[in-house]
Structure formats: structure tokens, C-alpha cells
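Asker: Submitted below is the structure of interest, expressed as C-alpha cells.
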Amino acid sequence: MVKVVGIQKARVFPVNNRQTFSFKAGNPVINFEIAPDPTRLMDTTSLRMNFILNVVDDVTTRNAQTPCRVNNQIANGDAVRACLIDERVGVNSIIDVLRLSNFKNENIEEIRQYSRLLASSMPALTSFSNYKNWNSVKNIAFGKSTTQGLVVNGPVASSLSLRAGLLNTGQPISTSDLGGLKIAISLSPDNYVLYGANASDCHYEISNVSLTYNWIVLDAPDPVGNSVIQYPQYSSYLNNLQSSDSSTSLMQNLQSVRATFTNFIQTNRLNNFAHNSLETNRLQDSTGADKKINTYSHMRNNVKFPKKYDVRESLVVKNKAYEAHLNREYLDCFKPFRKLTSCLQSPETQGFKTILASDIDQPDFKYVGGLGVNYDMLSIGAGANFKDKMYSIRIQSELEDGNSNTAFTYSLSNQGLSVQKQNVEPIM
């Protein structure tokens, strides 16, 4: 029997290493490679991507230097040069696509619209108190734009965990069984990450990029085995919604879906320096006014599923109250609602209480929510079959002017990876 004899620290640099990576400079892809090693297992819980983020003002001269750093809240003297990153996602906002493969270029996992996924999951599981505490260190996210602006006035040292399903099972993985591991990260455009009055004059870049993790050292080579690795994975889909009665259908081609949720943003606010592309707004008309959802239903092959009824919030909306049923179903996609102890939702974020200018100990007035459905009702990791069945959602809302809202839909599904003699093959 192979035994564990020690722990070793490992640090890997990008194979396409350079001084800085940035979308503006045309080098937005970061590639890491970890060679097969039968004598060690990778401790995925310790895996971190390390870098220094700099937000740079390209047109301003300060102390005879151009470009220079941004100047939120006049912290650096001179005139204000406002340029921010999302305060709820933090530095995770720079990641657009996370892709895992092996040395034979067999695809293992891919998460698109990565930062938009975290724009839903992080506020759903993190209270403002935690944003002020551990989350400000872990994700450099403070839950308040004024604080976030002060942070990006200088270099931001970051050490991020990567939320790929294979890397978050809590189980060590054998790079030998996988045939090596490649991690590719595509950076988001500047106008997706940055926003503010002067953001169009700025760009971001990252430097000193590396990947660190722990090796679990074995006393003898681990024989190449035939096994199945099980893990949860997020898949993403994109649609537009423009009417008060809208139906969206998707062929997800997923065999075991645990939960599906959708967040929204006005389409013209995406990739726009004037707006935060990572806000999860309510539906909005062309003036930016919020339009609430009256009724919705989830379907499989055009039959209501798993609930056989519409969720009706029209009476609640009419009386300007909190949509309890809608929000409970949404939050249930991230953690069983009865076990939820930390969430950013509050009367302030949901628009039912005014935040006084003098009350600085509150999160920004920005909506936290979306639509969701949980298929794993017993919280045991079970899922619903959408392999050859169509997922549909019908939304009836107050939106009447035809303004386009983009719907980002994510499905969490159970995945299996058959590992045989350094070949990998998805089986779910």
C-alpha cells in the first residue's frame, strides 16, 4: 500500500511568462502546466493563483510620470481620477474563462463568464460583516465601492483560489492519472473589469504571476489506475430578454443538474466603462428604472418541473414588499436555505430601506438576486436529467418598453471523469 511520507511546497510560473499580462497589451491568456508525477498527489485545497494587480491611468501625469496610478477620492493628491473594480467580486473580476485540460489537450473542464458566476455566488454566501473581515483578504472584495476604490489606488497583492469543480472537491488528484494538468486563464476586457468617470482612460495589468500548491509525497510511485473522478461543474449560457412575457429555452446536454440560476443586467451596460458590468440588477427599462418579476415558472420539455405551479409574486410586487418566494428559491441554488447563515441581501440592497449618507457601515445600494431553481431538494448531490431534455423558463414582468436585458444562466451539474492509462473521458 502506498503511504504518505510528507508535504512539499510547489510554485509554478506561466509557460508563456512575461513581465505583465493585460488585455490592452494583447496578452490576455495565462497558461500553467503541471507535469505528470506518479510519486506525488496535488492537494487541490491549497491551490492559489498569485499576482499583483495594477490599475493604471494612461493619460494623467503625476510627479513627471505618465502613466500613473488612478486617484479615487483624491487619495494621491491632485484631481480625482475615478476608476473602480466591482466591490463584490473583487480581483476575481479579471478572470473571464477558466479552462482545465491535460497534456494531450483533452478538455477536462471549462467555465465561461467566470466572474459573472461569482457575482451571484459570492454575495449569496457572504454577509457584509464577512466582506469587511476575511473576504477582504481572500478576494480583495470589500462590499463597498468607496473602500474598493481606495484599494486600487495602489498595487493589489492577490492570492486567489480557482473555483473549478475538479479543484474544489477537497480530494487530492493524481497528475499522473490525468496525463498532466494544464490550467489556462483568459483575462476579461478592460471595459468589463473597470468602470467610473475616468475608466476609459485606464487599463489594468497583472504581474508576478504564479501558481502555488502543496504536493502530498508518497513513499512509492502511485500505479496508474482506472478510476472515475466525480465533481460538480458550472456550465454557462447567454440569452436576451426584451418583453414583459418572455420564454427562454436551452439544450443543456447535462445528465445530472443540481441547480440552475440566472442573473440579469441591462445589455448596454455590459463592456461599458460608464457602468459596472458585474452588477446583478433587476430587469431594467431604457431609463434604468427597475422592473420587477411578477410570475415565473421553470420547465423541462415544456412541462413545469420540478414544481408543478407558477411562482406568483404579483401581489407582493403590487404592495412593494420583499419577494420572499422568489428570493428563497434563488438563494437555495447556492446552499440549502435553512442552512444559510451569511448573505449580503438586506433591506438596503433590495431597495426597501434608504441608506443615509452618514451611515457608512452599510453595503452599497445594489440589488442582490436573480431567478433560480434547486433540483437537489434533499441536499444529497442528486440531480435532474437534462441530457436530451430542454430546460425552459417563462418570465412575466413589468418590463414593457422592449429594452434588452442580458440573462446569464448557470447550471451546476454532477460530472464524472473516467481516467484510464493517462486518458480522460467525460462520462456524464
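FYI, it's all coordinate maths here, none of it is from the lab. Computed from a predicted structure; not experimentally measured. Note: ideal-geometry Cβ built from the backbone for every residue, glycine included; neighbour counts use all protein chains shown.
Asker: Projected area of region 1-125, taken from the Cα convex hull and averaged over every viewing direction, in nm²?
Answerer: 12.1 nm²
Asker: Using only C-alpha positions, report the orientation-averaged shadow area of the convex hull of region 101-202, nm², one decimal.
Answerer: Its Cα hull, projected and averaged over all orientations, spans 8.4 nm².
Asker: Determine the shape class of the chain: with a ≥ b ≥ c the square roots of the Cα gyration tensor eigenvalues, call it rounded for a/c under 1.5, and otherwise prolate if a/b is greater than b/c, oblate otherwise.
Answerer: Cα axes put the chain in the oblate bin.
Asker: Same structure, new question: Excluding same-chain residues fewer than 8 positions from residue 138, which aspartates and glutamates have a Cα within less than 17 Å of its Cα?
Answerer: Straight-distance partners of residue 138: 86, 87.
Asker: Is region 60-139 best put as rounded, prolate or oblate by its Cα gyration tensor, with a ≥ b ≥ c the root eigenvalues, rounded for a/c under 1.5, and otherwise prolate when a/b is larger than b/c, oblate when not?
Answerer: Cα axes put region 60-139 in the oblate bin.
Asker: What FRET efficiency, computed as 1/(1 + (r/R0)^6) with R0 = 22 Å and r the Cβ-Cβ distance, is obtained for residue 398 and residue 238, rounded to the nearest 0.05?
Answerer: The computed FRET efficiency comes out at 0.45.
Asker: So, one more: Would you list 203, 275, 325 from fewest to most Cβ contacts within 10 Å?
Answerer: 325, 275, 203
Asker: A follow-up question, please. Is the C-alpha gyration tensor of region 299-380 telling us rounded, prolate or oblate? Criteria: a/c under 1.5 is rounded; beyond that, a/b larger than b/c is prolate, otherwise oblate.
Answerer: oblate
Asker: Calculate, in whole percent, how much of the Cα-Cα pair population of region 228-359 lies beyond 18 Å.
Answerer: Percent of Cα pairs beyond 18 Å in region 228-359: 66.
Asker: Still on this structure, I have one more. For a distance above 27 Å, tell me the whole-number percent of Cα pairs in region 159-312 that qualify.
Answerer: 51 percent
Asker: For all pairs of alpha-carbon atoms in region 4-224, what percent lies in each bin of width 5 Å, listed from the first bin to the last filled one?
Answerer: P(r) over region 4-224, rounded to whole percents: 1, 7, 13, 18, 17, 15, 11, 8, 5, 3, 2, 1, 0.
Asker: Tell me, what is the percent relative contact order of the chain, built from C-alpha pairs under 8 Å that lie six or more residues apart?
Answerer: Contact order relative to length: 25 percent.
Asker: Beyond a 21 Å Cα-Cα separation, which of these cross-linked pairs lie in this structure: 320/366; 304/339; 320/353?
Answerer: 304/339
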